[in-house]
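Note sheet for the following structure.
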Amino acid sequence: MHIKNQNTFLLIILILFTACSSNKDNEKASTEKDSKTIDEFISYDLVNEMETRTLTELIEHIEFSRLQETDESLISSANNYLMHRGLIVFRNGAERDICVFTESGEFVRKFNRSGEGPEEYSTVNDMWFDGDYLAIYSKGRYVKWYDLEGNFIKSKSMDLQAGHIYPYQDGYAVDASYLTLDDSLRFNFAFVDSEFKTKKVFLPSGDDMQFQVFMANSSLMPDNGKILFNRMMSDTVYSFNATDFQPFIHYDFGNEWYFKNMTSMPDNMFIDMQNSGKVWNVSSKISSEFIWLSTYGGEPGRNKYLIDRGNDKSIRVDTRKGEEYYALSPSLWENEELFGSIQSIDVPELISSLGQDQYSFNDGTTLEEIESSENPVLVKIKFKESSEW
């Protein structure tokens, strides 16, 4: 079945009638500097005089790679994939299958070690490579390591109900939203040691949140020796470098930000914010040159943004195609190209709006094969220089 929802990310909603951290305050920080470097704090105005371009108008070149379809490799989605030594590795949609393909889309294998045994994982909340081993984090229980044939390597238990974690230096960066650390501390971000003992905490949280929302895409991402933290229902990205924790990027949606000037929580807030038509969460892929920003809420098909970090130019990306829209799912930036996936049904219409020199197919991939498959398609996108926007 083709996925046509604008966000293919799995939304996990846990409603708890206990006081948890406050996520509503607009976290906008402002700073003025005579000169700007790429590491200085900046707020991007995404409201005033915001121009819009279609996705195809912004593409300089896009390369397509089919994901080989076999009886073993029927894929629902390939979101947030990892790239490692010429391989693409991802969890298959809501399934617990770990799929391995070559970068050109050839199927290598899949494995599924889900279960409650000592060498099995209960959930797949986060994944990363530790050398040649794949580390899998199961929320609040453990990290387990496997080779890419699915053989169990080792396990480390934990007692920390973190939404997401990511290895950093000799420990882990932790999305600690909704957690009480060390019996009394309540912060949104923590740095813990290799045994998951708290070393540093940042971003104090309030106690007026009445439900928890976790997204399948991680709130933590590495960035040139730092960790970037983009927590749920926040318009601000923070930067952590083992000693300092600072606001790094702010996305200014003005009155379109659901939590702007909110002083108390409305009843049935989750339903209210979904029905408000306003932006209530963001997810960004950040490189040294560009930011690809997706929002939850806002106008469907017009809730993506492309930002040039060099000159601060931003533009709204229109992904609509008639009454539907392209289901582009970004995974990572590499060499200033955006790697991700798109549904196979979208490819013919997408290339019909491009010149022949603007798209290509990877070795082993043909348009005919893409059209005959229901597997998603890997894409590598080079965007035009912002002077051409």
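Of Thr102, Gly131, Tyr172, which is farthest towards the positive pole of the chain's charge dipole, taken about the Cα centre with +1 and -1 on the beta-carbons of Lys, Arg and Asp, Glu respectively?
My answer, from the dipole projection, is Tyr172.
Could you size up the charge dipole of the chain around its Cα centre, putting +1 on the beta carbon of Lys and Arg and -1 on that of Asp and Glu, and report it in debye to the nearest 20?
My answer is approximately 860 debye.
Considering amide H positions built from the backbone, and no H for Pro or chain starts, which residues 5 or more places from Asp126, or on another chain, come under 5 Å of its amide H?
Tyr137
Rank by packing, highest mean first: peptides 73-86, 361-374, with packing defined as the count of other Cβ atoms within 10 Å averaged across residues.
Top of the packing list down: 73-86, 361-374.
Simple spin-label model, 7 Å along Cα-to-Cβ: Leu185 to Lys313 in nm?
4.5
Assuming R0 = 30 Å, can you tell me the calculated FRET efficiency for the pair Glu40 and Lys200, based on Cβ-Cβ distance, to the nearest 0.05?
0.85
For the chain, what does -39500 (n - 2.57) per DSSP helix run (n ≥ 4), summed and divided by total residues, give at 222 nm, in deg cm²/dmol to the nearest 500?
It lands at -1000 deg cm²/dmol.
Return the carbon/sulfur percentage of the accessible area of the chain, one whole number, probe 1.4 Å, all protein chains in place.
Roughly 42 percent, rounded to a whole number.
Which far-off residues, 5 or more places away or on another chain, put their amide H under 5 Å from the one on Phe248, with H placed in the peptide plane?
Excluding prolines and chain starts, which carry no amide H, the hits are Val237, Tyr238, Ser239.
Compare Glu256, Glu72, Glu120 in a GNM of the chain, Cα atoms joined below 10 Å, and give the one with the largest fluctuation.
Glu72
Can you tally the net charge around Leu328? Count Lys and Arg as +1, Asp and Glu as -1, for every other residue whose Cβ sits under 10 Å from the Cβ of Leu328.
With Lys, Arg at +1 and Asp, Glu at -1, the neighbours total 0.
Assuming R0 = 25 Å, can you tell me the calculated FRET efficiency for the pair Glu116 and Leu332, based on Cβ-Cβ distance, to the nearest 0.05?
0.20
Would you grab the residues whose amide H sits under 5 Å from the one on Phe361? Only those 5+ places off in sequence or on another chain, please, with H modelled 1.01 Å from N.
So Phe361 has HN proximity to Phe64.
Enumerate the calculated ³J(HN,Hα) couplings along the stretch 108-117 in order (Karplus 6.51 cos²θ - 1.76 cosθ + 1.60, θ = phi - 60°), each rounded to whole Hz, writing x wherever the residue is Gly or Pro.
My calculation for the stretch 108-117 gives 9, 5, 9, 9, 9, 10, 6, x, 10, x Hz in order.
Quick one: putting +1 on the C-beta of Lys and Arg, -1 on the C-beta of Asp and Glu, what dipole do you get for the stretch 234-281 around its Cα centre, in Debye to the nearest 20?
Rounded to the nearest 20 debye, it is 20 debye.
The values are calculated or read from the model by the stated rules, or taken from the named source; none is laboratory data. Everything numeric in this text was worked out from a predicted model, so none of it was measured. So basically every Cβ, Gly included, is an ideal-geometry build from the backbone, and we count neighbours across all protein chains shown. Note: accessible area is taken over every heavy atom of the protein model, side chains too, but ligands, DNA and RNA are not part of it. Shrake-Rupley method; radii C 1.70, N 1.55, O 1.52, S 1.80 Å.
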